[in-house]
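Visitor: The structure's right below; bear with me while I get my questions together.
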Amino acid sequence: AQSVTQLDSQVPVFEEAPVELRCNYSSSVSVYLFWYVQYPNQGLQLLLKYLSGSTLVKGINGFEAEFNKSQTSFHLRKPSVHISDTAEYFCAVSEMGNFNKFYFGSGTKLNVKP
Amino acid sequence: KAGVTQTPRYLIKTRGQQVTLSCSPISGHRSVSWYQQTPGQGLQFLFEYFSETQRNKGNFPGRFSGRQFSNSRSEMNVSTLELGDSALYLCASRQTSGGTTDTQYFGPGTRLTVL
């Protein structure tokens, strides 16, 4: 991918509200898409991935994402967030070919308030 | 299966020293990648090794090097440490370097502090 853009560096939201974290990418080849979550002082944990098939992908902890090829987007959504969802979320793209090099976005910090 | 393990978890060094970090991938995974994470620069790709060969490389100076052993374990080395090398260093493994099995799994990281 030439780039992976996460437009929002921080997203504050109240508990039980819905949330959408945005991710756009640019690439001249086909891609695989991923969302990872990072809790403080921990590594990255895979939330969900799109490899092929249905463009709506469901992941762990009630998260889902939709791949939109025409808009080159892979936005992450959750209908009702919990305090425990407070973390940093990273969108990643793996380009097919070129040994599937991974590209990460700059991250979005989700802050869930009571 | 055990996850990706990294040792040590925390490390304190002084400027000019060198450091070696270790990563053991998930059993059966042949690809290991290294990333540097800092508050200012975010997550930056260092390099990837597959079957003991460096396949991809990020934009870091030659002070950063790595290697992979025949059992897929990997080490990265940073020589002549600078204050700016203070970061969380993350290791990730995947089964191959291509194909639909292509999901990276991350270790907990090594927190390096350079004084």
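Visitor: How far apart, in nanometres, would the label points at A:Ser26 and B:Gln54 be if each is projected 7 angstrom from Cα along the Cα-to-Cβ direction?
Guide: So the two model labels end up 2.8 nm from each other.
Visitor: Ok, one more. Per residue, how many Å² of accessible area does the protein assembly as shown show with a 1.4 Å probe?
Guide: Here the per-residue accessible area is 46 Å².
Visitor: Which links in A:Lys49/A:Lys78; A:Lys49/A:Lys101; A:Lys69/A:Lys113; A:Lys78/A:Lys113 stretch past 23 Å when you go from one Cα to the other?
Guide: Violating the 23 Å limit, Cα to Cα: A:Lys69/A:Lys113.
Visitor: Just to make sure I understand: if all protein chains stay in place, what is the order of A:Tyr103, A:Tyr36 by accessible area at 1.4 Å, largest first?
Guide: Result of the area sort, largest leading: A:Tyr103, A:Tyr36.
Visitor: Starting from the residue with the highest accessible area, list A:Lys101, A:Lys78 in decreasing order, probe 1.4 Å.
Guide: A:Lys101, A:Lys78
Visitor: How big is the dipole moment of chain A about its Cα centre under a simple scheme where the beta carbon of each Lys and Arg is +1, that of each Asp and Glu is -1, and everything else is neutral? Debye, nearest 20, please.
Guide: Using Cβ point charges on Lys, Arg, Asp and Glu, chain A gives about 200 debye.
Visitor: Let me ask another. How large is the charge dipole for chain B, taken about the Cα centre, if only the Cβ atoms of Lys, Arg (+1) and Asp, Glu (-1) carry charge, to the nearest 20 debye?
Guide: That gives a dipole near 140 debye.
Visitor: Next question. First compute the accessible area of the protein assembly as shown with a 1.4 Å probe, then give the percent of it belonging to carbon and sulfur atoms.
Guide: After summing per-atom areas, the C and S share lands at 49 percent.
Visitor: Moving on to the next point. Calculate the spin-label point distance for A:Phe14 paired with B:Thr14, positioning each point 7 Å from the Cα along the beta-carbon direction, and give it in nanometres.
Guide: Inter-label distance under the simple model: 5.4 nm.
Visitor: From the P(r) of the protein assembly as shown, can you give the percent of Cα pairs sitting at distances over 26 Å?
Guide: Beyond 26 Å sits 37 percent of the P(r) for the protein assembly as shown.
Visitor: Moving to a separate point now. Considering only protein heavy atoms, what is the solvent-accessible area of A:Ser80 at a probe of 1.4 Å, reported in Å² to the nearest 10?
Guide: Estimated to the nearest 10 Å², A:Ser80 gives 40 Å².
Visitor: For the full complex of protein chains and a 1.4 angstrom probe, list A:Phe14, A:Phe102 by accessible area with the highest value first.
Guide: Working: A:Phe14 130, A:Phe102 10 Å².
Descending accessible area places them as A:Phe14, A:Phe102.
Visitor: Right, something else. Considering protein heavy atoms only and a 1.4 Å probe radius, which residues within the range B:36-50 exhibit an accessible-area decrease of no less than 30 Å² in the full assembly relative to the chain by itself?
Guide: In the range B:36-50, residues shielded by partner chains: B:Gln37, B:Leu43.
Visitor: Projecting each Cα onto the charge dipole of chain A (Lys/Arg +1, Asp/Glu -1 at the beta carbon, about the Cα centre), which of A:Pro12, A:Ser84, A:Ser73 comes out farthest on the positive side?
Guide: A:Ser73
Visitor: Let a ≥ b ≥ c be the square roots of the eigenvalues of the Cα gyration tensor of chain A; is it rounded (a/c under 1.5), or, if not, prolate (a/b larger than b/c) or oblate? Provide the component values of the computation, followed by the final result.
Guide: Values: a/c = 1.96, a/b = 1.69, b/c = 1.16.
It comes out prolate by the Cα gyration axes.
Visitor: Any idea what the dipole of the protein assembly as shown comes to, in debye rounded to 20, about its Cα centre with Lys/Arg Cβ at +1 and Asp/Glu Cβ at -1?
Guide: Around 500 debye, computed over the protein assembly as shown.
Visitor: Rolling a 1.4 angstrom probe over the protein chains, ignoring ligands and nucleic acids, what is the accessible area of B:Ile12 in square angstrom, nearest 10?
Guide: About 120 Å², ignoring ligands and nucleic acids.
Visitor: Accessible area lost on pairing B with A, both sides, 1.4 Å probe, Å² to nearest 100?
Guide: So the buried area, both faces added, is about 1700 Å².
Visitor: Also, I was wondering about something else. Go ahead and collect, in residue order, the members of the range B:50-71 whose backbone nitrogen is under 16 Å from a label point 7 Å along the Cα-Cβ direction of B:Ser79.
Guide: B:60-67
The values are calculated or read from the model by the stated rules, or taken from the named source; none is laboratory data. Predicted model only: the values in this text are computed from it and were never measured. Every residue, glycine among them, receives a Cβ derived from its backbone with ideal geometry; neighbour counts consider all protein chains shown. Side chains are part of the model used for accessible areas, which takes the heavy atoms of the whole protein and leaves out ligands, DNA and RNA. Shrake-Rupley method; radii C 1.70, N 1.55, O 1.52, S 1.80 Å.
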